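Undergrad: Below are the structure tokens for one structure; questions will follow.
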Amino acid sequence: MPIISIRIYISGALTNIVNSLQIKAFYESIGNLARSLELNPYIPHINSDPIANPNLTPQEVFELDKHQVELADLVIAYVGVPSLGVGMELAYAETQNTPIILLYEKGKQISRFPRGIPTKIAEIQFEDYEDALIQLKAVLQQWQRNQLSKG
């Protein structure tokens, strides 16, 4: 079995979201896609979900997730729902010079600030979650090829 060493941080809103089960399932689908490409995903709500883990303090969540962003070789961020946490994760990833992929639904008005991050390598606009995963797979495979050619 291959050693999975490339770390992917999957960023997305968790607080005050509509259809939380559906959106968390989408984040997990991104994680499954990453694993199928032999990447190592970190999905924050698995460890620090505000509903499933209410006893974690804000400081503990900050330190845990900040550390995971720091370890990441790539950040995949769903920005279709406004989130202060996602914005902070993206800003921190950019300070670490970590490549970022943004995902959001076609037709959504997304702030220009995250869209302008210099380390952004792709911006995927999708029709539905299935379309998002198809497009993301192609972007991830290209990114992997680029990483191998640098190696």
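Read-outs: derived from the displayed coordinates by stated rules, not from any lab. None of the values given here were measured: they were computed from a predicted structure. No Cβ is skipped: glycine too gets one built from the backbone with ideal geometry, and neighbour counts run over all protein chains shown.
Undergrad: Averaging sequence separations of C-alpha pairs under 8 Å and six or more residues apart, then dividing by the length of the chain, give the relative contact order as a whole percent.
TA: It comes to 23 percent, rounded to a whole number.
Undergrad: Is there a pair in K24/K150; K106/K150; K24/K120; K24/K108 whose C-alpha atoms are over 27 Å apart, and which pairs would that be?
TA: In this structure, K24/K150; K106/K150 lie more than 27 Å apart at Cα.
Undergrad: Highest mean first, what order results for 45-53, 5-13, 83-91 on Cβ atoms within 10 Å?
TA: Final packing ranking: 5-13, 83-91, 45-53.
Undergrad: Could you work out the helix-only [θ] at 222 nm for the chain, with each DSSP H run of four or more residues adding -39,500 (n - 2.57) and the total divided by the number of residues, to the nearest 500 deg cm²/dmol?
TA: Calculated from helices alone, the mean residue ellipticity at 222 nm is -15500 deg cm²/dmol.
Undergrad: A further question on this structure: By Kyte-Doolittle mean hydropathy of at least 0.5 and Cα axial length of at least 18 Å, which whole DSSP H helices of the chain are selected?
TA: Answer set is empty.
Undergrad: Set Lys and Arg Cβ to +1 and Asp and Glu Cβ to -1, take the dipole of segment 34-91 about its Cα centre, and tell me which of H45, Q59, G80 lies farthest positive.
TA: G80
Undergrad: Find the all-direction average of the projected area of the Cα convex hull for the chain, expressing the result in square nanometres with one decimal place.
TA: Dividing the Cα hull surface by four gives the mean projection, 9.1 nm².
Undergrad: Can you list residues from other chains, or at least 5 along the same chain, whose modelled amide H is less than 5 Å from the amide H of E123?
TA: Excluding prolines and chain starts, which carry no amide H, the hits are L102.
Undergrad: Sticking with this one: For segment 17-102, rounded, prolate or oblate, judged on the Cα gyration tensor with a ≥ b ≥ c (square roots of eigenvalues), a/c < 1.5 rounded, else prolate if a/b > b/c?
TA: rounded
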